1. Any chance you could count how many residues in the stretch 104-148 are under 18 Å from Trp182 (Cβ atoms), out of contact with any Leu (no Cβ under 7 Å at 6 or more places or on another chain) and of a type outside the set (Asp, Glu)?
2. Name the single residue that is nearest to Lys148 (Cα to Cα) among those in the stretch 28-50 being among the hydroxyl-bearing types (Ser, Thr, Tyr) and surrounded by fewer than 16 Cβ atoms within 10 Å (Cβ to Cβ).
3. Every residue in the stretch 45-97 that is free of Cβ contacts under 8 Å to residues at least 24 places away in the same chain, under 30 Å from Cys153 (Cα atoms) and either assigned to a strand (DSSP E or B) or not hydrophobic (A, V, I, L, M, F, W, C) (or both), please.
4. For the stretch 115-167, give me the residue count where each residue is acidic (Asp, Glu), under 22 Å from Phe54 (Cα atoms) and surrounded by fewer than 15 Cβ atoms within 10 Å (Cβ to Cβ).
Amino acid sequence: MKFIVFAGFFLASVFDLYACQGGQEFTIQKGSHKSKPRKFAFVSGKTFKFSACFDSSAKYNLGNVNQFDTNKLFGHSDCTALHTKHSARFGWLWNTEKQKIDIMAFVHANSQFSYEYMGEMGINEKADFKIQTLDNHYQFEFKGKSLKMARGCSQKNPIRYKLYPYFGGNETAPHKIQINIWD
């Protein structure tokens with residue numbers, strides 16, 4: 001019986017280890033905000049879907065209030081404007097108390113940002129994310145939870161571009177961070 005329990009634990013650990021393999025790997029170097037690679041890409045359609053996985057490099061402890069700043073995961077600009085004026089994306093932070101990654105919906109509307117907690121995910125856990133751009137709001141979906149946030153415009157066919165992983169807030173990455181994304 002002990003062997004079966006050990007074998008099950010071992011297999012689960014091996015599958016977790018490889019959960020983040022594949023997709024596009026984005027790296028934020030120590031002391032940087034922006035991830036690489038970054039290539040300019042337009043976004044079309046009303047639905048923006050992707051999957052993401054964080055490895056153990058997503059763990060960090062800044063030792064100050066900036067620990068709770070929302071890092072940016074993935075999303076898009078909106079309203080034929082710069083992303084600091086209008087955008088929708090998911091955000092994340094390492095929660096040192098829960099030892100999990102907190103996931104937030106993050107919006108810039110008329111140059112004002114807001115965010116709302118959506119849930120959590122573990123290290124080496126691959127999760128699905130979805131943002132729908134509707135007339136006057138965004139519909140965010142993560143792990144069965146749906147959340148509506150106000151949109152700053154009501155353009156039907158705006159020009160939009162992808163927004164890639166970004167660390168901060170105020171502080172830069174305390175060490176190299178890698179995130180895998182499938183879109």
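Throughout, read-outs are computed from the coordinates displayed, never taken from laboratory work. What you see is a predicted model, and the numbers here were worked out from it, not measured in a lab. Cβ placement follows ideal geometry from the backbone for every residue including glycine, while neighbour counts extend to all protein chains displayed.
1. The qualifying residues number 10.
2. Filtering the stretch 28-50 for residues among the hydroxyl-bearing types (Ser, Thr, Tyr) gives 32, 35, 44, 47.
Then keep just the ones that are surrounded by fewer than 16 Cβ atoms within 10 Å (Cβ to Cβ); that gives 44, 47.
On the way: Ser44: 20, Thr47: 14 Å.
Looking at the filtered set, the residue picked out is Thr47.
3. Gly45 - this is the single residue of the stretch 45-97 that is free of Cβ contacts under 8 Å to residues at least 24 places away in the same chain, under 30 Å from Cys153 (Cα atoms) and either assigned to a strand (DSSP E or B) or not hydrophobic (A, V, I, L, M, F, W, C) (or both).
4. 2
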